[in-house]
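**Student:** Sharing a structure with you now.
The values are calculated or read from the model by the stated rules, or taken from the named source; none is laboratory data. Small disclaimer: the values here were computed from a predicted structure and weren't measured. Cβ placement follows ideal geometry from the backbone for every residue including glycine, while neighbour counts extend to all protein chains displayed. Note: areas computed on protein heavy atoms with side chains; ligands, DNA, RNA excluded. Shrake-Rupley method; radii C 1.70, N 1.55, O 1.52, S 1.80 Å.
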Amino acid sequence: MKFPEKYKVLNKNIIKKDQYSLIPIRYKDRVSIMKWRNEQIYHLRQQTPLTPEKQDQYYKDIVSKLFDTDQPNQILFSFLRNNELIGYGGLVHINWIDKNAEISFIMNTELEDKYFIEIWITYLELIEIVAFRELELHKIYTYAFDIRPQLYQAVESVGFIKEATLKEHCLFEGEYKDVVFHSKIIPTLKVRKAQLNDWDFTFQWANDTLTRENSFSSEAIPLETHKKWWTSKISSESSYYYIFEIKDKEVGVVRFDKNEDNGYDIGITINPEERGKGLSSIILKKGCSVFFEEKETTIKAYIKERNIASIRSFTKAGFTFVDKVIINKENSLLFQISNIK
């Protein structure tokens with residue numbers, strides 16, 4: 001049996017950081033996962049050891065149906081290091097109304113002694129991208145028996161807060177143990193109008209290699225040229241520029257420039273340090289929402305046909321495809337969104 005390689009509910013199905021990656025769970029990994037679960041049954045909500053027959057049936061009856069569901073109750077991943085399976089987990093008990101989910105994860109038992117904290121931290125950073133950027137959940141949490149203090153060290157190091165302790169909530173080797181909840185709420189994305197002194201970091205972002213590659217003018221931008229351009233845009237009545245921040249750190253800029261059709265063309269630049277976290281579509285959606293409060297208009301986006309990541313981001317943000325166009329000899333696509341009634 002072979003599972004699909006993509007979840008319908010996700011725009012981005014493979015999440016990477018350095019040599020680590022999350023990919024949609026593979027049927028071929030079921031035997032290793034069964035082995036690890038049986039070895040670590042002491043901290044799982046699993047009453048009896050799994051058998052190959054039960055594992056196969058579970059994957060065929062339950063897991064295989066998650067891929068094509070609009071709102072699955074869980075999303076599971078194989079966790080790889082240098083393309084080798086070292087664990088599995090996902091988001092379970094997903095509550096689509098309240099927008100929260102529990103985090104589930106186990107790693108290769110042989111790696112726990114030496115790499116427990118490192119692997120847990122990396123996994124949490126990746127699953128957070130899935131939860132907050134892809135699914136736009138509000139809150140994620142861990143539910144853990146109080147028998148692995150290293151786990152609390154890992155989750156707290158990446159910003160999870162100890163929220164509650166259920167006293168003597170589980171029976172472990174003849175003794176009742178506490179269950180501890182840690183949770184994390186999606187960081188607030190703040191927006192403000194761009195200012196004159198924002199030219200410095202926007203200059204650095206504009207000259208980033210990938211930014212220039214995706215631009216319709218790929219040449220490097222001289223400092224004085226950027227400062228002059230930025231000054232003119234900030235003071236123009238035909239341009240609206242917004243800066244987005246998370247925890248007082250600039251993460252992106254969205255710009256709206258009036259076009260000859262009396263609508264507006266949109267552009268977005270993401271802080272290179274924040275790429276790959278699924279921020280683009282969220283920033284685009286919020287940027288358009290803020291702009292539509294000021295203008296009743298149509299917003300157009302021109303994207304190079306080969307820039308698949310941007311196409312996905314704009315589509316997820318609510319833009320619709322209009323036409324194929326040629327810009328500076330580049331095959332490009334025109335997308336738009338409107339609030340005109």
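**Student:** What is the packing order of peptides 193-203, 250-260, taking the mean over residues of other C-beta atoms within 10 Å and listing the highest first?
**Tutor:** Working: 193-203: 14.4, 250-260: 18.2.
Output ranking for 193-203, 250-260: 250-260, 193-203.
**Student:** Between (i) 22.5; (ii) 27.3; (iii) 20.5, which matches Kirkwood radius over Cα pairs in Å calculated for the structure shown?
**Tutor:** (i)
**Student:** Could I ask something else about it? Carbon and sulfur together cover what percent of the accessible area of the chain at a 1.4 Å probe radius? Display every interim value, and only then the final one.
**Tutor:** Details: 8710 of 18000 Å².
Looking at the chain in its full context, I get 48 percent from C and S.
**Student:** Taking amide H positions as placed in the peptide plane 1.01 Å from N, state which residues far from Gly87 in sequence (5 or more) or on other chains have amide H under 5 Å from it.
**Tutor:** Long-range HN contacts for Gly87: Phe79, Asn108.
**Student:** What number results when the radius of gyration of the range 147-271, computed over Cα atoms, is divided by 2.2 N^0.38 Å?
**Tutor:** Working: Rg = 23.6 Å, N = 125, 2.2 N^0.38 = 13.8 Å.
Scaled against compact globular proteins, the figure is 1.71.
**Student:** If I fit a long axis through the Cα atoms of helix 112-128 and take the longest principal axis of the Cα atoms of the chain, what angle between them do I get, 0 to 90°, rounded to 10?
**Tutor:** 40 degrees
**Student:** Which shape class applies to the range 1-133: rounded if a/c is under 1.5, otherwise prolate when a/b exceeds b/c and oblate if not, where a ≥ b ≥ c are the square roots of the Cα gyration tensor eigenvalues?
**Tutor:** On the way: a/c = 1.40, a/b = 1.08, b/c = 1.30.
In terms of gyration-tensor shape, rounded.
**Student:** Let me ask you something else. Just how much of Thr51 is accessible, in Å², when a 1.4 Å probe is used and the result is rounded to the nearest 10?
**Tutor:** The value for Thr51 is about 50 Å².
**Student:** Which entries in the list Lys190/Lys277; Lys249/Lys300; Lys99/Lys300 go over 19 Å, if you measure between the two C-alpha atoms of each? Present the calculation step by step, with values, prior to reporting the outcome.
**Tutor:** Numbers: Lys190/Lys277 16 Å; Lys249/Lys300 28 Å; Lys99/Lys300 31 Å.
Beyond 19 Å between Cα atoms: Lys249/Lys300; Lys99/Lys300.
**Student:** Please state the shape class of the range 1-49: rounded when a/c is under 1.5, otherwise prolate if a/b exceeds b/c and oblate if not, all from the C-alpha gyration tensor.
**Tutor:** Details: a/c = 2.30, a/b = 1.78, b/c = 1.29.
Prolate, since a/c reaches 1.5 and a/b exceeds b/c.
**Student:** OK, next. Report the Cα centroid-to-centroid distance between the range 239-277 and the range 284-341 in angstrom, as an integer.
**Tutor:** The range 239-277 and the range 284-341 have Cα centres spaced 12 Å from each other.
**Student:** Against the longest principal axis of the chain, how steep is helix 223-235, in degrees 0 to 90 to the nearest 10, with axes from Cα atoms?
**Tutor:** On a 0 to 90 degree scale, this one is about 80.
**Student:** Right, here's the next one. Can you grab the distance from the C-alpha centre of the range 6-26 to the C-alpha centre of the range 91-155, Å, no decimals?
**Tutor:** Taking the Cα centre of each part, the range 6-26 and the range 91-155 sit 15 Å apart.
**Student:** Now, a different point. Taking only protein heavy atoms and a 1.4 Å probe, what accessible area per residue, in Å², does the chain have with all protein chains in place? Before the final figure, lay out each step's value.
**Tutor:** Numbers: 18000 Å² over 341 residues.
Solvent-accessible surface per residue comes out at 53 Å².
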